[in-house]
Structure formats: C-alpha cells, structure tokens
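Here is the structure we will look at.
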Amino acid sequence: QVQLVESGGGLVQPGGSLRLSCAASGNMFSMYTMDWYRQAPGKQRELVATIIRNGNTNYADSVKGRFTISRDNAKSTVTLQMNSLKLEDTAVYYCRAAWVGRSYWGQGTQVTVSS
C-alpha cells in the first residue's frame, strides 16, 4: 500500500503562483508514474500533468506553459509548480501513483484562485 500526502494548496489571486507537493511512502517511488489530477465543483476529475519514470512529462492543454511537474526520487516527492493561475484553476488537486496496474491516490489539497 502506498500512501500519498499532498500539501501546498491555498488561496491565491489570479496571476499568482502556488507549488504543490506530494510525498509518497515506501521505497518504490522511482518506479511509479506520477500524475496530478484536479476536480472542480460539479465537474469530473481531470488529468493535469504526468511524469513517468524517466522524467518525461505531459500536460493538459489548459495548463501547458503555466504548470511544471517534477519529481525527486531521492525524496519520494512529486511537485506541481503552478504559475499564472487563473480563476478556472480552482479545484481540489490530487496526486496519483500508478504502477503495475494499481493506482494510489492522495487525499487532495484545495487550490482557490480568487480576487
């Protein structure tokens, strides 16, 4: 069982930045594909960014050029740097670890973009 704990959410004005972190338990972190998802009120959960074992990344079109996902295998953490935040980025953000057909989710962290 992998436990994931997100942190770093909060309230920010449009145009501002936030940095989310997700810490994973266990010693297999380097094997996981790590994702950040988000879910806004009344909407389906959507994939925001992915980083695979070799460090390759992929982003949703809505966040390309604004968000950056990175990982530190030594610290078993994945981060999401979010810049130029928009009102529509408001959501609960979840990290997910995936490996050999299994998925593990964190509890989520709230990001609110508001003036």
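The values are calculated or read from the model by the stated rules, or taken from the named source; none is laboratory data. What you are looking at is a predicted structure, and each value in this text was computed from that prediction instead of being measured. These area figures cover heavy atoms from the full protein model, side chains too; ligands, DNA and RNA do not enter into them. Shrake-Rupley method; radii C 1.70, N 1.55, O 1.52, S 1.80 Å.
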In nm², what is the average projected area of the convex hull enclosing the Cα atoms of the chain?
6.7
Tell me, what is the 1.4 Å probe accessible area of TRP99, in Å² to the nearest 10?
90
Quick one: Karplus J couplings for the stretch 6-18, per residue in order, coefficients 6.51, -1.76, 1.60, θ = phi - 60°, nearest Hz, x for Gly and Pro?
8, 8, x, x, x, 9, 9, 7, x, x, x, 10, 9
What number, in percent, do you get for the relative contact order of the chain if the mean sequence gap of Cα pairs under 8 Å and at least 6 apart is divided by its residue count?
37
Can you tell me the Rg and Dmax of the stretch 47-115, counting just the alpha carbons, in angstroms?
12.8, 43
For TYR32, what accessible surface area do you get with a 1.4 Å probe? Give it in Å², rounded to 10.
10
Can you list the lysines whose alpha carbon is less than 30 Å from that of LYS43, not counting same-chain residues fewer than 8 positions off?
LYS64, LYS86
Protein-only accessible surface order, largest first, of GLU88, GLU46, GLU6 at 1.4 Å
GLU88, GLU46, GLU6
Rank these by accessible area, largest first, 1.4 Å probe: ASP35, ASP72.
ASP72, ASP35
Once phi for every residue in the stretch 60-69 is put through the Karplus expression 6.51 cos²θ - 1.76 cosθ + 1.60 (θ = phi - 60°), the whole-Hz ³J(HN,Hα) values, with Gly and Pro written as x, are 5, 4, 5, 10, 4, x, 10, 10, 9, 9
